[in-house]
Amino acid sequence: MSLGLYILRRVIAFIPMLVIVSIVSFIVIQLPPGDFLTTYIMQLQSRGYRLAQEEVARLADRYGLNDPLYVQYFKWIRNIILYGDLGRSFQYDRPVSSLIGERIGLTMLISILTIIFTWIIAIPIGIYSATHQYSVFDYVFTFLGFIGVSLPGFLIALIFIYIGIAYLGINVTGLFSPQYSEAPWSLWKFIDLLKHVWVPVVIVGLNGTAGMIRTVRGCLLDELRQPYVITARAKGLPENKLLLKYPVRLAINPIISTIGWLLPAVVSGETLAAIVLNIPTTGPLLLVALRSQDMYLAGSFVLILSSLTIIGTLISDILLAWVDPRIRYE
Amino acid sequence: MEEIETFEKEESTLEERIYLASQWQLMWWKFRKHKLAYLSLWVLIVLYIISLFCEFLSPYLPDKRFSEYVFAPPTRISIFYKGRLTKPFVYGLKSSINMTTFLREYAIDENKIYPIRFFYRGDRYKLWGFFETNIHLLGVDDGNIFLFGTDNLGRDIFSRVLYGARISLTIGLVGISVSFLLGILLGGIAGYVGGILDEIIMRTVDFLISIPTIPLWMALSAALPRNWPIVKTYFAITIILSLVGWAGLARVVRGKFLSLREGDFVMAARLAGCSELRIIFKHLLPSFLSYMIVSLTLSIPNMILGETALSFLGLGMQPPAISWGVLLQHAQDLNALANYPWILIPCFFVLLSVLMFNFLGDGLRDAADPYSR
């Protein structure tokens, strides 16, 4: 199968997923009692504003609040696709899209950094463990990896915060130093970000790293038993060259495909860790939105986070098929 | 007659025992060799027994407030008094308010000692809601025993951790049972019926596996009314957790059904005139039940963590319900965390139970796989 055809098939299979994502997000928006407009009007009234009758009618029509549910759904989808209008956050009194836009970038940055961190740590350790099977360090890494898989990031974050305050005298929460938190983007702000970003990256990356070490170790052990390795050794290829040129390259392939499970876990972990560590990404805003039943905001977060995760998985699938042509014929 | 039987038993070699053992017995023998998993099983059994008898094991009622002892540090149990070994006892605790920081400070009063009494008659409670009694495993006269310290309202954290085990540990089991039913039913339908139903179910599974679960769980549980009774919220949370949890299991079940339904033994059963239901429940299900138990065990930690996370964020169980996540809510306050680190103790129990379930699942996986070494 050609690569183009493979991509086409994957993209077609990806559309129903997006549809289900949108339906679930719409259900989330509809779940709390009462509709968005009533809450919005009440919110305004409590602040002493009144919405003009024509404005109420215009909003009701725009979001189809008087229509049956499926019409509402289609109007909601149409607004998103045609105008990029995700609805309005009544709590911030701003369009949802601009609120999310501010934060989704940081969420993606942290997620991508976490995945890169996972690879940088896990691949060398995995290679070491496989080439030194049953050595002391192999056991140590396997055991640490096992614990790492089980440890939930947000609880580790709590322990981190405590250790930071009690023993190191530093505050590990937040993503920027106070003087940069409201400042516009600059090189110095970026450097400041790098100083803080490792905390969430390490915490969120913990689970994935541990899982990845086991995957790399397992795959590489399988490859090392192949006859071609013995052949290469018999022909006198230096061990390092042999290792990196053939078995490692093959063993690393599944790593790209693990994005499929790594990415959802990282986004989930990032959401929780961000809330605990008070990082200005999507997590804390989602929690605030849910607590105040700001449902267009909350539902849009579910929609955007899920869609991005699925797109990430799709990209990794296509990358894998590009790197390893065998995949396409399966 | 008896003598001959014992003689024969001794004669039967190890090989014969293996030959005669059932599938489950073989797995059990293999499982027992996995030391870490075997230990985990016992730790978990102890944890569940604790949750079963939490009223008896805890020195105080979980909601009893000691307003004189807000954020009191954990009480130390001593067994040496002036260099001499004695029965275990605790020292008295003096509380005073520091007039510069306005924080309550505690000092040990070495002059007052309170021996620990076992089967102490303290607060009245109803064990499992039936047996009214006032016997607690331990307690002290006059003084106080706060093994894990107290919280912001002066409640004994040790007692609350024991009570919290009840919700935190069972929500995983109940959730898994719901996931199990959904997984077998939907996975079975997909694998056995096939066609358009298969397509729909599998697309849903793909969807559930590839989205981040925490935001969805948060959104769904935020919609639960805050004034629901504890039991209702409990089951609602369980259902929310299992709505996502069944997907992985359904995929396994479907795969097994697809590969096994063409098997010779299924054909034989069909020729012998078995009904489809009998084939499913008598022949197909038992042949991969062990795999399912493994994947179930490995997904219990996710449920426990899910409940903890939701309750911790204030979206799951609500006070006065007690779960480990609810207990950890106070730890979000950085000041409290820095000054009173013992409020993190419930965290240790979450980590312990999650770790134990993972070790157990790993041991079960090795035991259930007949081809492993």
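Some points to look at:
- A straight Cα-to-Cα reach below 21 Å connects B:Lys33 with none of the lysines, residues fewer than 8 places away in its own chain not being considered.
- Working from the Cα coordinates of chain B, the gyration tensor eigenvalues give, after taking √(5λ), semi-axes of 48, 30, 17 Å in decreasing order.
- Taken about its Cα centre, the protein assembly as shown carries a charge dipole of roughly 680 debye when the Cβ of each Lys and Arg holds +1 and the Cβ of each Asp and Glu holds -1.
- Relative to the longest principal axis of the Cα atoms of chain A, the long axis of helix A:36-46 lies at roughly 60 degrees.
- Judged by the ratio a/c of the largest to the smallest principal axis of the C-alpha gyration tensor, the protein assembly as shown counts as rounded, that ratio being less than 1.5.
- Angle in degrees between helix B:213-222 and the longest Cα principal axis of chain B, rounded to the nearest 10: 60 degrees
- 1.4 Å probe accessible area per residue over the stretch A:1-109, in Å²: 58 Å²
- At least 40 Å² accessible surface lost relative to isolated chain, residues of the stretch A:255-273 (1.4 Å probe): A:Pro264, A:Ser268, A:Leu272
- Using alpha-carbon coordinates, inclination of helix A:259-277 to the longest axis of chain A, degrees: 60 degrees
- Based on Cα contacts under 8 Å between residues 6+ apart, the stretch A:105-292 shows a relative contact order of 35 percent.
- Helical runs assigned H by DSSP (4 residues or longer) give chain A a calculated mean residue ellipticity at 222 nm of -25500 deg cm²/dmol, each run adding -39500 (n - 2.57) before division by the residue total.
- In terms of its C-alpha gyration tensor, the stretch A:269-330 has a prolate overall shape, because the principal axis ratio a/c (a ≥ b ≥ c, square roots of the eigenvalues) is not below 1.5 and a/b outweighs b/c.
- For chain A, the dipole from Cβ point charges (+1 on Lys and Arg, -1 on Asp and Glu) about the Cα centre works out to 740 debye, to the nearest 20.
- Calculated FRET efficiency for the pair B:Leu85/A:Arg94, C-beta based, R₀ 51 Å, to 0.05: 0.15
- Rounded to the nearest 500, the 222 nm mean residue ellipticity of chain B from helices alone is -19000 deg cm²/dmol, with -39,500 (n - 2.57) taken per DSSP H run of at least 4 residues.
- Taking each of A:Lys241/B:Lys30; B:Lys30/B:Lys282; B:Lys30/B:Lys256 in turn, the alpha-carbon distance tops 32 angstrom for A:Lys241/B:Lys30.
- Mean shadow area of the stretch A:105-292 over all directions, Cα convex hull, nm²: 13.5 nm²
- Partner lysines for A:Lys245 [C-alpha distance under 27 Å; skip if fewer than 8 residues away on the same chain]: A:Lys235
- Based on C-alpha pairs under 8 angstrom that are at least 6 apart in sequence, chain A has a relative contact order of 28 percent.
- Along the axis of the charge dipole computed for the stretch A:105-292 (Cβ charges of +1 for Lys and Arg, -1 for Asp and Glu, origin at the Cα centre), the listed residues A:Val136, A:Ile170, A:Phe146 are led at the positive end by A:Val136.
- Comparing each chain alone with all protein chains together (probe 1.4 Å, DNA, RNA and ligands left out), the residues of the stretch B:204-223 losing at least 30 Å² of accessible area are B:Phe207, B:Ser210, B:Ile211, B:Pro212, B:Ile214, B:Pro215, B:Leu216, B:Met218, B:Ala219, B:Leu220, B:Ala222, B:Ala223.
- Near-label residues of the stretch A:100-130 by backbone N, under 18 Å of a point 7 Å along Cα→Cβ of A:Phe190: A:105-114
- Placed amide H near B:Gly139: partners under 5 Å, 5+ positions off or other chain: B:Arg117, B:Tyr120
- Residue-by-residue Karplus 3J(HN,Hα) for the stretch A:97-106, coefficients 6.51, -1.76, 1.60, Hz, glycine and proline x: 4, 6, 4, 5, x, 4, 9, 5, x, 5
- Under-5 Å amide H pairs with B:Thr150, H placed in peptide plane, nonlocal only: B:Phe71, B:Ala72, B:Ile157
- Mean separation of Cα contacts under 8 Å, 6 or more apart, over the residue count of chain B: relative contact order %: 20 percent
- Taken across both chains, chains B and A shield about 3600 Å² of accessible surface from a 1.4 Å probe.
- Theoretical FRET efficiency, 1/(1+(r/R0)^6), r = Cβ-Cβ of A:Ile170 and B:Ser275, R0 51 Å, to 0.05: 0.15
- log10 of Debye I(q)/I(0), alpha-carbon scatterers only, for the stretch A:1-125 at 0.12, 0.20, 0.21 Å⁻¹: -0.68, -1.25, -1.30
The values are calculated or read from the model by the stated rules, or taken from the named source; none is laboratory data. Model, not experiment: these values are computed from the prediction. No Cβ is skipped: glycine too gets one built from the backbone with ideal geometry, and neighbour counts run over all protein chains shown. Remember, those area values only see protein heavy atoms, side chains included, never the ligands or the DNA or RNA. Shrake-Rupley method; radii C 1.70, N 1.55, O 1.52, S 1.80 Å.
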